[in-house]
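Here's the structure, in structure tokens; my notes come after.
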Amino acid sequence: MDFLRTETLPIVNTLKWFTFGQADCSTNEYNHVYNVYKDNVKVINKHMNGRQFLAGEGVTIADVQFVVS
């Protein structure tokens, strides 16, 4: 849950602001943040390998947070 809150959510928000024009950025800035996002998703995918839920054997707040972010 902490990884999603401290790593994933800020990256997703930044990409959202750049994409929808809520913040100005250069192409280099956008590409940098996008590449950081891709690296972040690789970490999540590795964690999820063979798992159905982020934590435990059922849906937890971590799964909900991930879906809504």
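Read-outs: derived from the displayed coordinates by stated rules, not from any lab. Worth saying up front: this structure is predicted, and the values here are computed from it rather than measured.
Give, in nm to one decimal, the length gained when the segment between VAL12 and VAL67 is fully stretched (0.36 nm per residue of separation minus the Cα-Cα distance).
Working: separation 55, 0.36 × 55 = 19.80 nm, distance 1.20 nm.
Full extension of this stretch gives 18.6 nm more.
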Review point. Residue-wise, which Karplus ³J(HN,Hα) couplings in Hz belong to segment 24-40, taking 6.51 cos²θ - 1.76 cosθ + 1.60, θ = phi - 60°, and x for glycine or proline?
Key: 7, 7, 8, 4, 5, 4, 4, 4, 4, 5, 5, 5, 5, 4, 4, 5, 5
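Give, in nm to one decimal, the length gained when the segment between ILE44 and ASN28 is fully stretched (0.36 nm per residue of separation minus the Cα-Cα distance). Walk me through the intermediate numbers first.
Numbers: separation 16, 0.36 × 16 = 5.76 nm, distance 2.46 nm.
Taking 0.36 nm per residue and subtracting the Cα distance, the gain is 3.3 nm.
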**Study point:** Which labelled figure in (1) 4, 18, 31, 27, 16, 5, 1; (2) 4, 19, 20, 16, 13, 10, 8, 5, 3, 2, 1; (3) 3, 16, 24, 22, 15, 10, 6, 3, 0 is P(r) over Cα pairs in 5 Å bins from 0, in percent, once derived from the coordinates
**Key:** (3)
